[in-house]
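Since the structure comes first, as structure tokens, the remarks are kept for the end.
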């Protein structure tokens with residue numbers, strides 16, 4: 001296994017045809033973030049090489065965290081203005097909690113992360129616990145609903161590209177969500193039921209939960 005699944009895929013996201021997948025997500029994320037005014041506090045969990053969402057309000061205070069220290073080191077080089085708001089997660093079941101990470105956030109988001117977990121519910125509850133009352137938890141994930149063509153693309157074209165790069169996609173998404181199963185994900189008490197949107201391509205799910213009571 002090479003670093004290709006992690007680093008090469010991040011570098012490709014703005015190139016066609018990967019842009020068909022990621023640009024729609026980015027537009028939806030920007031709209032959600034913009035609902036919280038000119039300077040919302042946003043936590044990007046599993047940020048990889050993307051600790052900011054392009055097009056968000058200019059005053060957005062982005063915070064990024066990731067399990068991979070290499071990703072955070074690279075983010076610090078690419079985004080020196082964020083250096084004090086980037087951190088490595090202490091463990092798979094913990095988020096940074098000191099300094100700028102101590103206060104709750106207007107938006108906590110994880111883009112294309114939840115499908116990589118064998119047990120996504122406890123992790124989703126961890127993320128939800130960092131959302132302020134009135135704030136939003138946002139999870140995006142591939143759409144494995146029965147009618148989605150993504151299953152066939154992954155088994156053919158995307159698998160061919162992955163093998164060319166030295167790895168396989170067959171086991172990288174142990175939890176495959178449909179619109180219904182994402183809406184049913186247990187994100188903990190005090191959260192309003194999810195609004196799950198399907199991207200125009202049909203390949204992506206965009207789930208939003210609102211915190212209506214303290215964690």
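The values are calculated or read from the model by the stated rules, or taken from the named source; none is laboratory data. Just so you know, these numbers come straight off a predicted model, no measurement behind them. When we count neighbours, we look across all protein chains shown, and the Cβ atoms used for this are built from the backbone with ideal geometry, even at glycine.
Do any helices (runs of 4 or more DSSP H) lying entirely in segment 52-163 carry at least 2 residues that are modelled with pLDDT of 95 or more, and which ones are they?
It comes to 69-78, 120-128.
State yes or no: is residue 65 under 24 Å from residue 34 (Cα atoms), crowded, with 20+ Cβ neighbours inside 10 Å and more than 15 Å from the chain's Cα centre (by Cα)?
The answer is no for residue 65.
Give me a count of the residues in segment 181-208 that are over 15 Å from the mean Cα position of the chain (by Cα) and free of Cβ contacts under 8 Å to residues at least 24 places away in the same chain.
Count: 6.
Restricting attention to segment 30-51, which residues are at negative phi, touching a strand residue (DSSP E or B) at 6+ places or on another chain (Cβ under 6 Å), touching a residue at least 40 places away in the same chain (Cβ under 8 Å) and not in a helix (DSSP H, G or I)?
If the condition is that a residue be at negative phi, touching a strand residue (DSSP E or B) at 6+ places or on another chain (Cβ under 6 Å), touching a residue at least 40 places away in the same chain (Cβ under 8 Å) and not in a helix (DSSP H, G or I), then 36, 40, 41, 42, 43, 44, 45 are the ones that fit.
Residue by residue, here is whether (1) more than 21 Å from residue 127 (Cβ to Cβ); (2) in contact with a helix residue (DSSP H, G or I) (Cβ under 6 Å, 6 or more places away or on another chain); (3) surrounded by 13 or more Cβ atoms within 10 Å (Cβ to Cβ) holds:
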| position | (1), (2), (3) |
| --- | --- |
| 25 | no, no, yes |
| 33 | no, no, yes |
| 56 | no, yes, yes |
| 80 | yes, no, no |
| 108 | no, yes, yes |
| 112 | no, no, yes |
